[in-house]
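These notes concern the structure reproduced below.
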Amino acid sequence: MKHGNRPSLYGQLQAALLCYGNESIALLPGGTLVLQGVPETFEAPPPFQFVHNRWRCEAYHYAGLLPWLQENKLRNQVARWQRLKLSLHDPREPHDYQLEALEAWLAAEKRGSVVIPTGAGKTFIALHAMQKVNASTVVLVSTVSLLYQWYVVLTNMFQTEIGVYYHAEKKILPITVTTYHSAGDLMAEHGNEFRLLICDEVHHLPAKTWGEAALMTPAPYRLGLTATYPAEEEQLGERWRLADLLGPIVYTKRIEELLGKQLADYRTQRIRVNLTPTERAEYDTTHDIYTSYIRERRLRSTHGPNWLHELFRLSAFDTQARQALLARQRLWEIIEGCQEKLSMLEQLLREYAHERILIFTESNALAYQLSRQYLIPAITHETGVAERKHILESFQAGHYRALITAKVLNEGIDVPEAKVAIVLGGSSSKREYIQRLGRILRKKELKQAVLFEILARKTIEESKAQRRRVPKEEC
């Protein structure tokens, strides 16, 4: 979108008025709709509130206000999005469930979230949604890596120039991809240039600062995509509710409904190993330092699910808190890199020597250690774009039989076909577990996928895994 001789921001705002006599509604910087020339005695409809001598509300209420604007015959110039003529250059026919998801979203007035497993084609649904809307669209993603991936897909599928907006480049076009981190700045000044808002990996959106981006745009059409919709407790307190920002869940498909059809069938296997006597002695000593502080300060009882955040806060000025935090970090280093885990990894690498294998670690340090030891390429957040592209393409071509990653391939990134995943370390969250499982479920042949989770006995890892147990019907 070339701005050329476009008027100043103030001039744009003056042009973005809904005029009715001396009364109007304007979109101000920061994503606020304001009634102008309207006294406090005016009966403005919800959600307007009279603040600082004006009736105001957030821009995301725009779609709900349209009937009122039309009823009062107000001339609508708030929206600045463009109509497009998108042609989708993709010979693939959508699966039945993808068509069902699209139809459900259209029936919900083009608002709401679609929840389907990793590898089931969420991006493909979004492409068809964009074609249906045929207007300026902004896509929000969680990482710069995903931004690059969406940029390539959109460029190839629509064969048009695509804008990107993040810390290194700010090019705004009728179709633009941005990160959640940068979206607030984009929406504050350009939110009314997009008719469709697509939020990939939408479970990130409830975060306080990221959710504000959805508030600041008047985009009437909104689509959320995820394999792991956040639970109700993840949308409480200072976090936003997705139903308020985007609309309700309009379609859900679980893994077991697609297994053996669009997704490969799978099995999971937990392998328990022991710490060596030396590892156990260090573990027990370190565990005492960690748990003693947690108990003495009663962090779990006083701060509930936010106890770890409180520990981080205290560690900035409390020496004992800092020692406890370092002890916690060391516990996970002992668990993740224990001798028997690495021996089991070596055994699995030999057993599945003819399969493509993904190895998940929690830390970069272990990823690099294993990479050097077994001559297996590693991808971490430090891996550059060109190197990452080369590694993934070589893995796809079969030049590499295994790939190690420290968290960065958990989510979103298209990973070449693999049938074996080995988890050496990770959090207790169901979301991370399901995302890692999704990495091996893309179906290209009739072969069962398998996820091995190697756990250290009698450690905090084992108890966390038990609490996180995810049956197939929950995936």
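The values are calculated or read from the model by the stated rules, or taken from the named source; none is laboratory data. Bear in mind the structure is a predicted one, so any value in this text is a computation, not a measurement. Note that we place each Cβ from the backbone using ideal geometry, even for glycine, and neighbour counts take in every protein chain shown. Heads up: the accessible areas ignore ligands, DNA and RNA and are worked out on the full protein's heavy atoms, side chains in. Shrake-Rupley method; radii C 1.70, N 1.55, O 1.52, S 1.80 Å.
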query = What are the pairs, 6+ residues apart or on separate chains, where a residue within region 317-328 that is touching a residue at least 40 places away in the same chain (Cβ under 8 Å) has its Cβ under 9 Å from a residue that is assigned to a helix (DSSP H, G or I) and of a type in the set (A, V, I, L, M, F, W, C)?
reply = 327/289
query = Of the residues 324, 367, which is crowded, with 19+ Cβ neighbours inside 10 Å, in a helix (DSSP H, G or I) and in contact with a Phe, Trp or Tyr (Cβ under 8 Å, 6 or more places away or on another chain)?
reply = 324
request  = Tell me, please, whether a residue that is among the hydrophobic types (A, V, I, L, M, F, W, C), touching a strand residue (DSSP E or B) at 6+ places or on another chain (Cβ under 6 Å), open to solvent by less than 30 Å² (accessible area, probe 1.4 Å) and part of a helix (DSSP H, G or I) can be found in region 302-314.
outcome  = no
ask   = Here are some conditions: (1) modelled with pLDDT under 95; (2) under 30 Å from residue 230 (Cα atoms); (3) part of a helix (DSSP H, G or I). Residue 130 meets all but one. Which one does it not meet?
value = (1)
task = Could you tell me which residue of region 231-265 is modelled with the highest pLDDT, considering only residues that are of a type in the set (A, V, I, L, M, F, W, C) and surrounded by fewer than 17 Cβ atoms within 10 Å (Cβ to Cβ)?
result = 243
inquiry  = Report every pair of residues separated by at least 6 positions or lying on different chains whose Cβ atoms are under 6 Å apart, first residue within region 236-247 and within 15 Å of residue 213 (Cβ to Cβ) and of a type outside the set (D, E, K, R), second assigned to a loop (DSSP other than H, G, I, E, B) and open to solvent by less than 10 Å² (accessible area, probe 1.4 Å).
reply    = 240/206
message = Could you go through region 103-110 and let me know if any residue there is in contact with a Gly (Cβ under 7 Å, 6 or more places away or on another chain) and under 22 Å from residue 121 (Cβ atoms).
response = yes
ask   = Would you call residue 206 touching a residue at least 24 places away in the same chain (Cβ under 8 Å) and in contact with a helix residue (DSSP H, G or I) (Cβ under 6 Å, 6 or more places away or on another chain)?
value = yes
request  = Determine whether residue 136 is polar (S, T, N, Q), farther than 17 Å from residue 224 by Cβ, buried (at least 19 other Cβ atoms within 10 Å of the Cβ) and touching a residue at least 12 places away in the same chain (Cβ under 8 Å).
outcome  = yes
